[in-house]
Amino acid sequence: MTIGHSLPLALAILLSAGAFAGLISGLLGIGGGIFMVPVLLLIFHGFGVPDTIIMQLCVGTSTATIVATSLRSVWSHHRRGAVETAILRAWAPWLAGGAVLGVLTATGLKSDTLMLVFGTLAALMGIYMAIGNPDWRLGDSHPGVRIHGPYAGLMGFVCAMMGIGGGTFGVPMLTAYGTPVNRAIATSAGFGLLISLPASVTYLLARPDTTGLPPLTLGLVSLPAFACIVAMTFITVPIGARLTHVLPAGVLRRIFALFIIFAAVNMLRKALS
């Protein structure tokens with residue numbers, strides 16, 4: 001029996017994946033999208049979504065869930081005083097502008113190309129987090145606008161195009177400039193919100209060919225999938241946030257890297273098959 005022939009199975013997978021995505025979002029500050037996009041690809045493929053639009057639907061739906069998940073995550077971390085609000089304010093306009101451009105680019109790409117972009121970039125960041133020296137620094141303080149502005153714009157562009165939160169690229173950047181890993185994770189949850197909010201609005205306003213799209217799809221966002229995922233992330237995000245401030249920094253880096261590499265390899269396999 002395929003997923004497309006079993007609605008209860010699809011719901012069970014979405015609810016379980018949402019719970020897991022919420023946990024790693026709170027734990028790693030990555031929004032959960034790097035895990036949810038491959039899961040949504042499996043679900044939508046089972047329901048016969050056309051290959052020409054399937055990856056865009058996965059990314060759009062994932063991005064919408066990150067709005068709720070990141071909001072929950074950043075609030076959980078903020079209550080513990082771990083979010084660098086000054087950094088969020090400085091990066092916000094660059095992240096938002098890059099995110100809108102990323103959506104416009106993603107909707108114009110073929111699904112296979114989008115999979116290759118997702119897999120390649122995610123693999124590179126995962127390898128860096130796995131084998132990079134955690135004590136390596138570019139500087140001991142937050143960089144000025146000439147450095148963080150272009151980087152934040154590029155990060156917003158890439159994350160919105162991939163349907164992921166800000167932790168994948170935000171955590172390595174912040175730790176490279178001396179931010180402790182638990183505070184980098186907490187602040188990166190805020191990056192996810194700043195990226196996903198304008199990006200999800202753009203995905204909702206998209207007007208794709210509706211042939212073959214699942215019922216109750218608005219723009220490039222599946223509302224039933226969104227509801228299932230968010231219902232579970234709201235429960236599990238605070239659990240992950242608590243673990244961030246308990247687990248050693250080295251353990252967090254390895255967990256972060258393993259999840260990213262796994263998702264990247266799976267996506268590359270699908271794109272090249």
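The values are calculated or read from the model by the stated rules, or taken from the named source; none is laboratory data. Keep in mind that this is a model prediction, so the values were computed, not measured. So basically every Cβ, Gly included, is an ideal-geometry build from the backbone, and we count neighbours across all protein chains shown.
Looking at the structure I just gave you, is G31 part of a loop (DSSP other than H, G, I, E, B), at pLDDT below 90, of a type outside the set (F, W, Y) and crowded, with 24+ Cβ neighbours inside 10 Å? In short, yes.
Residues are listed down the side, and each one gets a yes or a no for (1) among the aromatic types (F, W, Y); (2) at pLDDT 90 or above; (3) touching a Ser or Thr at 6+ places or on another chain (Cβ under 9 Å); (4) within 20 Å of K270 (Cα to Cα):
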{"position": "L15", "(1), (2), (3), (4)": "no, yes, no, no"}
{"position": "T52", "(1), (2), (3), (4)": "no, no, yes, yes"}
{"position": "T63", "(1), (2), (3), (4)": "no, yes, yes, no"}
{"position": "V74", "(1), (2), (3), (4)": "no, no, yes, no"}
{"position": "L109", "(1), (2), (3), (4)": "no, no, no, yes"}
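Of all residues in segment 176-202, those that are part of a helix (DSSP H, G or I), in contact with a His (Cβ under 9 Å, 6 or more places away or on another chain) and either surrounded by 24 or more Cβ atoms within 10 Å (Cβ to Cβ) or not basic (K, R) (or both) total 6. Among the criteria (1) of a type outside the set (S, T, N, Q); (2) touching a Ser or Thr at 6+ places or on another chain (Cβ under 7 Å); (3) under 17 Å from A160 (Cβ atoms); (4) at pLDDT 90 or above, the one W94 does not fulfil is (2).
What about S70, is it among the hydroxyl-bearing types (S, T, Y), within 17 Å of the chain's Cα centre (by Cα), part of a helix (DSSP H, G or I) and at pLDDT below 90? The answer is yes for S70. Name, by its number, the condition in (1) over 30 Å from L109 (Cβ atoms); (2) touching a residue at least 60 places away in the same chain (Cβ under 8 Å); (3) of a type in the set (G, A, S) that does not hold for G144. Every condition holds for G144 apart from (2). Report whether or not A96 is in contact with a Leu (Cβ under 7 Å, 6 or more places away or on another chain) and small (G, A, S). Yes: the conditions hold for A96. Residue count for segment 219-255, restricted to those that are under 20 Å from the mean Cα position of the chain (by Cα) and either among the aliphatic types (A, V, I, L, M) or in a loop (DSSP other than H, G, I, E, B) (or both): 17.
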